[in-house]
Amino acid sequence: MPKSIGITLLILFCFISPGFGQEIEVEVLFPGEGFNYEPYEFIEMKYFPSGYDSAFVIDSAVYTLTSFEIDPIQMLSLPVFLISSGDSIPISSTIDSLVFVEVVPEATDTTSLITDLSHTEVPLEFNYPYLLIGLGVFIAVIILLIIIFGKSIVNIFRIRRVKSGYRKFSEHFDELVYQVNKTREKDHLEAAIAYWKKYLEKLEKKPYTKLTTREMVAINGDARLIDDLKEIDRNLYGRIQSGDVINRLNSIKSLAQEYQEKKIASIKNG
(Lines give C-alpha, C1' and ligand atoms only; values in the text may rest on other atoms or scores of the structure.)
Protein backbone atom coordinates (compact mmCIF):
# COMPACT_ATOMS: atom_id res chain seq x y z
CA MET A 1 0.00 0.00 0.00
CA PRO A 2 1.53 3.35 -1.04
CA LYS A 3 2.69 5.62 1.76
CA SER A 4 2.61 9.38 1.74
CA ILE A 5 5.04 10.46 4.42
CA GLY A 6 6.58 13.86 4.97
CA ILE A 7 10.32 13.90 5.58
CA THR A 8 11.99 16.87 7.19
CA LEU A 9 15.69 16.91 6.46
CA LEU A 10 18.14 19.43 7.84
CA ILE A 11 21.32 19.86 5.80
CA LEU A 12 24.14 21.74 7.40
CA PHE A 13 27.05 22.95 5.32
CA CYS A 14 30.01 24.09 7.43
CA PHE A 15 33.29 25.84 6.71
CA ILE A 16 36.17 25.96 9.18
CA SER A 17 37.97 29.25 9.22
CA PRO A 18 41.80 28.60 9.46
CA GLY A 19 42.54 31.88 11.13
CA PHE A 20 40.94 34.91 12.54
CA GLY A 21 42.66 37.22 10.08
CA GLN A 22 41.80 35.29 6.91
CA GLU A 23 38.46 35.59 5.11
CA ILE A 24 37.18 32.77 2.89
CA GLU A 25 34.46 33.54 0.33
CA VAL A 26 32.64 30.42 -0.84
CA GLU A 27 29.38 30.20 -2.90
CA VAL A 28 27.17 27.21 -2.11
CA LEU A 29 24.02 26.06 -3.95
CA PHE A 30 21.40 23.76 -2.44
CA PRO A 31 19.23 21.44 -4.61
CA GLY A 32 15.98 23.10 -5.60
CA GLU A 33 12.58 22.03 -6.91
CA GLY A 34 14.03 20.85 -10.25
CA PHE A 35 16.46 18.36 -8.68
CA ASN A 36 15.78 14.62 -9.06
CA TYR A 37 14.93 13.32 -5.57
CA GLU A 38 13.84 9.82 -6.63
CA PRO A 39 12.34 7.77 -5.13
CA TYR A 40 11.03 10.78 -3.21
CA GLU A 41 8.90 13.68 -4.45
CA PHE A 42 9.73 17.28 -3.64
CA ILE A 43 7.20 19.22 -1.56
CA GLU A 44 9.01 22.32 -0.36
CA MET A 45 12.37 23.73 0.75
CA LYS A 46 13.13 26.36 3.36
CA TYR A 47 16.56 28.02 3.33
CA PHE A 48 18.08 29.75 6.33
CA PRO A 49 20.79 32.43 5.95
CA SER A 50 24.37 31.75 7.02
CA GLY A 51 25.19 31.64 10.68
CA TYR A 52 28.58 32.29 12.25
CA ASP A 53 30.41 31.29 15.37
CA SER A 54 34.08 31.49 16.33
CA ALA A 55 35.16 28.61 14.05
CA PHE A 56 32.38 27.81 11.59
CA VAL A 57 30.16 29.31 8.92
CA ILE A 58 26.94 27.33 8.80
CA ASP A 59 24.41 27.29 5.92
CA SER A 60 21.23 25.25 6.38
CA ALA A 61 18.10 24.20 4.50
CA VAL A 62 15.04 22.20 5.51
CA TYR A 63 13.47 19.90 2.89
CA THR A 64 10.03 18.36 2.97
CA LEU A 65 9.81 15.28 0.73
CA THR A 66 7.14 12.61 0.18
CA SER A 67 7.64 8.91 -0.38
CA PHE A 68 5.17 6.45 -1.94
CA GLU A 69 7.36 3.40 -1.58
CA ILE A 70 6.30 0.51 0.65
CA ASP A 71 9.71 -0.37 2.06
CA PRO A 72 9.82 0.18 5.81
CA ILE A 73 13.45 1.45 5.63
CA GLN A 74 14.53 3.82 2.89
CA MET A 75 17.80 5.59 2.23
CA LEU A 76 18.48 9.25 1.55
CA SER A 77 21.49 11.41 0.66
CA LEU A 78 21.39 14.94 -0.73
CA PRO A 79 24.24 17.00 -2.18
CA VAL A 80 25.19 20.64 -2.10
CA PHE A 81 27.07 22.30 -4.95
CA LEU A 82 30.24 24.28 -4.32
CA ILE A 83 30.78 26.97 -6.95
CA SER A 84 34.49 27.49 -7.65
CA SER A 85 36.21 29.05 -10.70
CA GLY A 86 33.02 28.89 -12.75
CA ASP A 87 32.48 25.20 -12.04
CA SER A 88 30.20 23.37 -9.60
CA ILE A 89 31.49 20.63 -7.36
CA PRO A 90 28.85 18.35 -5.78
CA ILE A 91 29.45 17.48 -2.17
CA SER A 92 27.09 14.72 -0.95
CA SER A 93 25.96 14.21 2.56
CA THR A 94 26.37 10.86 4.20
CA ILE A 95 23.71 8.27 3.39
CA ASP A 96 21.16 8.01 6.14
CA SER A 97 18.41 5.47 6.65
CA LEU A 98 14.81 6.49 7.27
CA VAL A 99 12.50 4.20 9.20
CA PHE A 100 8.82 4.41 8.22
CA VAL A 101 6.05 3.55 10.62
CA GLU A 102 2.68 2.53 9.13
CA VAL A 103 -0.23 4.42 10.59
CA VAL A 104 -2.87 2.59 8.47
CA PRO A 105 -2.77 -1.22 8.85
CA GLU A 106 -2.98 -3.35 5.72
CA ALA A 107 -6.20 -5.28 5.06
CA THR A 108 -5.99 -9.00 5.89
CA ASP A 109 -8.26 -11.98 5.29
CA THR A 110 -9.79 -11.46 8.72
CA THR A 111 -10.61 -7.84 8.06
CA SER A 112 -14.39 -7.35 7.93
CA LEU A 113 -16.38 -4.40 6.66
CA ILE A 114 -19.15 -2.82 8.64
CA THR A 115 -22.34 -2.80 6.58
CA ASP A 116 -24.97 -0.14 7.08
CA LEU A 117 -28.17 -0.92 5.17
CA SER A 118 -30.25 1.84 6.70
CA HIS A 119 -32.10 4.04 4.22
CA THR A 120 -30.85 7.59 3.86
CA GLU A 121 -33.05 10.20 2.23
CA VAL A 122 -31.19 12.24 -0.36
CA PRO A 123 -32.87 15.55 -1.23
CA LEU A 124 -33.56 15.92 -4.92
CA GLU A 125 -32.69 19.16 -6.64
CA PHE A 126 -34.83 20.26 -9.56
CA ASN A 127 -32.79 20.53 -12.74
CA TYR A 128 -33.81 23.97 -13.96
CA PRO A 129 -31.31 24.07 -16.86
CA TYR A 130 -32.85 20.88 -18.30
CA LEU A 131 -36.33 22.37 -17.80
CA LEU A 132 -35.41 25.51 -19.71
CA ILE A 133 -33.80 23.48 -22.47
CA GLY A 134 -36.88 21.25 -22.68
CA LEU A 135 -39.23 24.22 -22.84
CA GLY A 136 -37.08 25.83 -25.51
CA VAL A 137 -37.13 22.67 -27.64
CA PHE A 138 -40.89 22.27 -27.13
CA ILE A 139 -41.60 25.87 -28.16
CA ALA A 140 -39.30 25.53 -31.17
CA VAL A 141 -41.12 22.36 -32.28
CA ILE A 142 -44.51 24.03 -31.89
CA ILE A 143 -43.40 27.05 -33.92
CA LEU A 144 -41.98 24.76 -36.62
CA LEU A 145 -45.21 22.76 -36.77
CA ILE A 146 -47.25 25.95 -37.06
CA ILE A 147 -45.04 27.20 -39.88
CA ILE A 148 -45.24 23.91 -41.79
CA PHE A 149 -48.73 22.67 -40.92
CA GLY A 150 -50.36 25.83 -39.55
CA LYS A 151 -53.04 26.17 -42.20
CA SER A 152 -53.87 22.46 -42.14
CA ILE A 153 -54.17 22.47 -38.36
CA VAL A 154 -56.47 25.51 -38.44
CA ASN A 155 -58.63 23.87 -41.13
CA ILE A 156 -58.95 20.70 -39.05
CA PHE A 157 -60.36 22.71 -36.14
CA ARG A 158 -62.67 24.68 -38.47
CA ILE A 159 -64.07 21.48 -39.98
CA ARG A 160 -64.53 19.96 -36.55
CA ARG A 161 -66.43 23.06 -35.45
CA VAL A 162 -68.71 22.92 -38.54
CA LYS A 163 -69.51 19.24 -37.96
CA SER A 164 -70.16 19.82 -34.27
CA GLY A 165 -72.47 22.76 -35.10
CA TYR A 166 -74.53 20.67 -37.53
CA ARG A 167 -74.81 17.79 -35.06
CA LYS A 168 -76.27 20.11 -32.41
CA PHE A 169 -78.57 21.73 -34.97
CA SER A 170 -79.83 18.36 -36.20
CA GLU A 171 -80.67 17.08 -32.72
CA HIS A 172 -82.55 20.21 -31.66
CA PHE A 173 -84.29 20.69 -35.00
CA ASP A 174 -85.59 17.09 -34.90
CA GLU A 175 -87.02 17.79 -31.47
CA LEU A 176 -88.83 20.89 -32.77
CA VAL A 177 -90.23 18.96 -35.76
CA TYR A 178 -91.47 16.31 -33.37
CA GLN A 179 -93.31 18.97 -31.35
CA VAL A 180 -94.87 20.40 -34.53
CA ASN A 181 -96.11 16.98 -35.57
CA LYS A 182 -97.40 16.21 -32.10
CA THR A 183 -99.16 19.47 -31.18
CA ARG A 184 -99.74 21.13 -34.59
CA GLU A 185 -99.15 24.43 -32.84
CA LYS A 186 -97.83 27.38 -34.82
CA ASP A 187 -95.46 28.39 -32.02
CA HIS A 188 -93.45 25.20 -32.51
CA LEU A 189 -93.43 25.66 -36.29
CA GLU A 190 -92.30 29.25 -35.90
CA ALA A 191 -89.52 28.12 -33.47
CA ALA A 192 -88.39 25.44 -35.93
CA ILE A 193 -88.10 27.77 -38.95
CA ALA A 194 -86.41 30.47 -36.81
CA TYR A 195 -83.87 27.94 -35.50
CA TRP A 196 -83.19 26.72 -39.05
CA LYS A 197 -82.53 30.28 -40.27
CA LYS A 198 -80.28 30.99 -37.28
CA TYR A 199 -78.18 27.91 -38.06
CA LEU A 200 -77.75 28.90 -41.73
CA GLU A 201 -76.92 32.47 -40.71
CA LYS A 202 -74.05 31.21 -38.53
CA LEU A 203 -72.91 28.71 -41.17
CA GLU A 204 -72.89 31.06 -44.17
CA LYS A 205 -72.40 34.39 -42.34
CA LYS A 206 -75.53 35.90 -43.96
CA PRO A 207 -78.36 37.73 -42.07
CA TYR A 208 -81.10 35.16 -42.78
CA THR A 209 -82.98 35.79 -39.52
CA LYS A 210 -83.68 39.40 -40.59
CA LEU A 211 -84.89 38.53 -44.11
CA THR A 212 -88.23 37.56 -45.55
CA THR A 213 -88.59 34.31 -47.46
CA ARG A 214 -88.27 36.08 -50.83
CA GLU A 215 -85.15 38.01 -49.69
CA MET A 216 -83.59 34.88 -48.24
CA VAL A 217 -84.06 32.93 -51.48
CA ALA A 218 -82.63 35.83 -53.47
CA ILE A 219 -79.46 35.95 -51.32
CA ASN A 220 -79.08 32.19 -51.01
CA GLY A 221 -79.58 31.52 -54.72
CA ASP A 222 -81.03 28.03 -54.21
CA ALA A 223 -84.34 27.77 -56.09
CA ARG A 224 -85.21 24.59 -54.21
CA LEU A 225 -85.93 26.67 -51.14
CA ILE A 226 -88.85 28.53 -52.79
CA ASP A 227 -91.50 25.80 -52.67
CA ASP A 228 -90.50 24.56 -49.21
CA LEU A 229 -90.46 27.98 -47.57
CA LYS A 230 -93.71 29.11 -49.24
CA GLU A 231 -95.50 25.98 -48.02
CA ILE A 232 -94.13 26.50 -44.50
CA ASP A 233 -95.32 30.16 -44.61
CA ARG A 234 -98.83 29.05 -45.63
CA ASN A 235 -98.96 26.66 -42.68
CA LEU A 236 -97.46 29.32 -40.38
CA TYR A 237 -100.01 32.01 -41.25
CA GLY A 238 -102.89 29.69 -42.01
CA ARG A 239 -104.04 26.28 -40.91
CA ILE A 240 -101.23 23.76 -40.31
CA GLN A 241 -101.39 20.71 -42.60
CA SER A 242 -99.31 18.45 -40.41
CA GLY A 243 -98.20 15.81 -42.91
CA ASP A 244 -97.12 18.21 -45.66
CA VAL A 245 -95.38 20.70 -43.35
CA ILE A 246 -93.36 17.92 -41.72
CA ASN A 247 -92.10 16.88 -45.16
CA ARG A 248 -91.15 20.48 -45.89
CA LEU A 249 -89.27 20.79 -42.61
CA ASN A 250 -87.35 17.58 -43.31
CA SER A 251 -86.56 18.93 -46.78
CA ILE A 252 -85.01 22.16 -45.52
CA LYS A 253 -83.06 20.14 -42.95
CA SER A 254 -81.59 18.06 -45.80
CA LEU A 255 -80.62 21.30 -47.56
CA ALA A 256 -78.94 22.51 -44.35
CA GLN A 257 -76.90 19.30 -44.27
CA GLU A 258 -75.92 19.83 -47.90
CA TYR A 259 -74.84 23.41 -47.13
CA GLN A 260 -72.59 22.26 -44.25
CA GLU A 261 -70.97 19.65 -46.52
CA LYS A 262 -70.22 22.36 -49.08
CA LYS A 263 -68.77 24.48 -46.28
CA ILE A 264 -66.43 21.63 -45.28
CA ALA A 265 -65.37 21.13 -48.90
CA SER A 266 -64.59 24.86 -49.28
CA ILE A 267 -62.44 24.77 -46.14
CA LYS A 268 -60.48 21.78 -47.41
CA ASN A 269 -59.92 23.40 -50.80
CA GLY A 270 -59.30 26.88 -49.45
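The values are calculated or read from the model by the stated rules, or taken from the named source; none is laboratory data. Computed from a prediction, not measured in an experiment: that's the story for all the values here. FYI the Cβ positions are ideal-geometry reconstructions off the backbone, even for glycines, and counts take in every protein chain you see.
Residues that are within 58 Å of the chain's Cα centre (by Cα), at least 2 per element: which helices (runs of 4 or more DSSP H) completely within the stretch 171-243 meet that?
On the way: elements: 186-204, 213-220, 224-237.
It comes to 186-204, 213-220.
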**Study point:** Lone unmet requirement of (1) under 19 Å from I159 (Cβ atoms); (2) in contact (Cβ under 8 Å) with a residue 40 or more places away in the chain for W196
**Key:** (1)
Check your understanding: Hey, any hits in the stretch 42-60 for a residue that's under 50 Å from the mean Cα position of the chain (by Cα), under 14 Å from L98 (Cα atoms) and not small (G, A, S)?
Key -> no
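Kindly indicate which of E185, E201, E175, E171 is over 21 Å from Q260 (Cα atoms) and in the same structural domain as N250 (by TED's automatic domain parsing).
Selected residue: E185, the only one of E185, E201, E175, E171 that is over 21 Å from Q260 (Cα atoms) and in the same structural domain as N250 (by TED's automatic domain parsing).
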Point to revise | Residue in the stretch 85-101 that is nearest to V26 (Cα to Cα), counting only those that are of a type in the set (S, T, Y) and surrounded by fewer than 10 Cβ atoms within 10 Å (Cβ to Cβ) | key: S85
Check your understanding: Which strands (runs of 3 or more DSSP E) does the stretch 1-115 wholly contain that include 1 or more residues that are of a type in the set (S, T, Y) and at pLDDT below 80?
Key -> 5-16, 40-52, 79-84
Practice item. Looking at (1) aliphatic (A, V, I, L, M); (2) under 50 Å from the mean Cα position of the chain (by Cα); (3) assigned to a helix (DSSP H, G or I), find the lone condition where L124 falls short. Key: (3)
